[in-house]
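Here's the structure, in structure tokens; my notes come after.
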Amino acid sequence: YKLNRLNSVVGEYANACLQVAQDCGTDVLDLWTLMQKDSQDFSPYLSDGLHLSPKGNEFLFSHLWPLIEKKVSSLPLLLPYWRDVAEAKPELSLLGDGDH
């Protein structure tokens, strides 16, 4: 079959992916809808019509990071903050006494 790369077909695929995520109880970020919000030109977000461009990666990050922060905000911090790691002997900061 000849590939159909019409935006309407991509929309059907994106909606099917959303439905599967919903059926599985999985969180999903609907980039397809976000990129077309307010009829904006989404082509700068794609380098070749499919893969994200640098601007597309920034767009993804700007929408994904708040969701990640919300998900992990209640989790305990298992590792020290990077500024608290001793440069000369990082194992002391990561393992306590360094003997582990």
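The values are calculated or read from the model by the stated rules, or taken from the named source; none is laboratory data. What you see is a predicted model; the values in this text were computed from it and never measured. Backbone-built Cβ (ideal geometry, glycine too); neighbour counts: all protein chains shown. Keep in mind that these areas ignore ligands, DNA and RNA; they rest on the heavy atoms of the full protein, side chains included. Shrake-Rupley method; radii C 1.70, N 1.55, O 1.52, S 1.80 Å.
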Exercise. Hey, could you check the range 50-63 for residues that are open to solvent by 100 Å² or more (accessible area, probe 1.4 Å) and among the hydrophobic types (A, V, I, L, M, F, W, C) and say which is farthest from the chain's Cα centre (by Cα)?
Key: LEU50
Exercise. Please indicate, with yes or no, whether at least one residue in the range 64-74 is modelled with pLDDT of 95 or more, surrounded by 11 or more Cβ atoms within 10 Å (Cβ to Cβ) and assigned to a helix (DSSP H, G or I).
Key: yes
Quiz item: Restricting the search to the range 75-100, which residues are assigned to a helix (DSSP H, G or I) and either open to solvent by less than 60 Å² (accessible area, probe 1.4 Å) or of a type in the set (Lys, Arg) (or both)?
Solution: ARG83, PRO90, SER93
Practice problem: Scan the range 19-35 for residues that are without any contact (Cβ under 8 Å) to a residue 24 or more places away in the chain and open to solvent by less than 60 Å² (accessible area, probe 1.4 Å) and jot them down. | Solution: ALA21, ASP30
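Please specify each residue of the range 1-16 satisfying the condition of being closer than 24 Å to ILE68 by Cα and open to solvent by 60 Å² or more (accessible area, probe 1.4 Å). Give the steps one after another, and end with the answer.
First pass over the range 1-16, keeping only residues closer than 24 Å to ILE68 by Cα: 14-16.
ASN15, the sole residue that qualifies.
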Practice problem: Kindly list, by first and then second residue, each pair from a residue in the range 5-18 that is at pLDDT 80 or above and of a type outside the set (Gly, Ala, Ser) to a residue that is in a loop (DSSP other than H, G, I, E, B) and open to solvent by less than 50 Å² (accessible area, probe 1.4 Å), limited to pairs with Cβ atoms under 8 Å and residues at least 6 apart or on different chains. | Solution: LEU18/ASP30
